[in-house]
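To start, the structure itself, in structure tokens.
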Amino acid sequence: MTRTDIHLYTAATMNGYKPVIFLEEAGVPYDLTLVDFGRQEQKAPDYLKLNPNGKIPTIVDRAEGRAIFESGAILWHLAQK
Ligand SMILES: N[C@@H](CCC(=O)N[C@@H](CS)C(=O)NCC(=O)O)C(=O)O
């Protein structure tokens, strides 16, 4: 993975921490966008294009050109890489 492969969208919740812990422990660089629940950013149209559930966390894997959501699926995807 290169520096810009992974872009993580998350917030300070238990599910939101899961990919952060994985990426930090694995030493994988990533870009981070904090999603502001107070502003309902997880329901914004641009975010819903990435994750139609309107929840965090979500990653965009730029190397594969796709978004992945559900924390378990994100961890699985990262572990496979
Ligand atoms: N099963 C999902 C649950 C995701 C989830 O419930 N995210 C919460 C925060 S922990 C969320 O985005 N809540 C905002 C909302 O529902 O509007 C996962 O594991 O990723």
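Tabulated results
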read-out	value
Check on residue 69, within 12 Å of the ligand (Cβ to nearest atom) and modelled with pLDDT of 95 or more	yes
Flag for residue 41 being crowded, with 16+ Cβ neighbours inside 10 Å and more than 9 Å from the ligand (Cβ to nearest atom)	yes
Residue, farthest from the chain's Cα centre (by Cα), within segment 18-38, restricted to residues that are under 17 Å from residue 77 (Cβ atoms) and within 11 Å of the ligand (Cβ to nearest atom)	18
Qualifying residue in segment 64-80 (condition: touching a residue at least 40 places away in the same chain (Cβ under 8 Å) and either within 9 Å of the chain's Cα centre (by Cα) or assigned to a loop (DSSP other than H, G, I, E, B) (or both))	yes
Residue in segment 7-19 that is without any contact (Cβ under 8 Å) to a residue 24 or more places away in the chain and in contact with a Pro (Cβ under 9 Å, 6 or more places away or on another chain) present	yes
In segment 1-27, the residues that are in contact with a helix residue (DSSP H, G or I) (Cβ under 7 Å, 6 or more places away or on another chain) and either in a loop (DSSP other than H, G, I, E, B) or at pLDDT below 95 (or both)	11
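The values are calculated or read from the model by the stated rules, or taken from the named source; none is laboratory data. As the structure is a prediction and not an experimental result, all values here were calculated from the model. All Cβ positions, glycine included, derive from the backbone under ideal geometry; neighbour counts span all protein chains shown.
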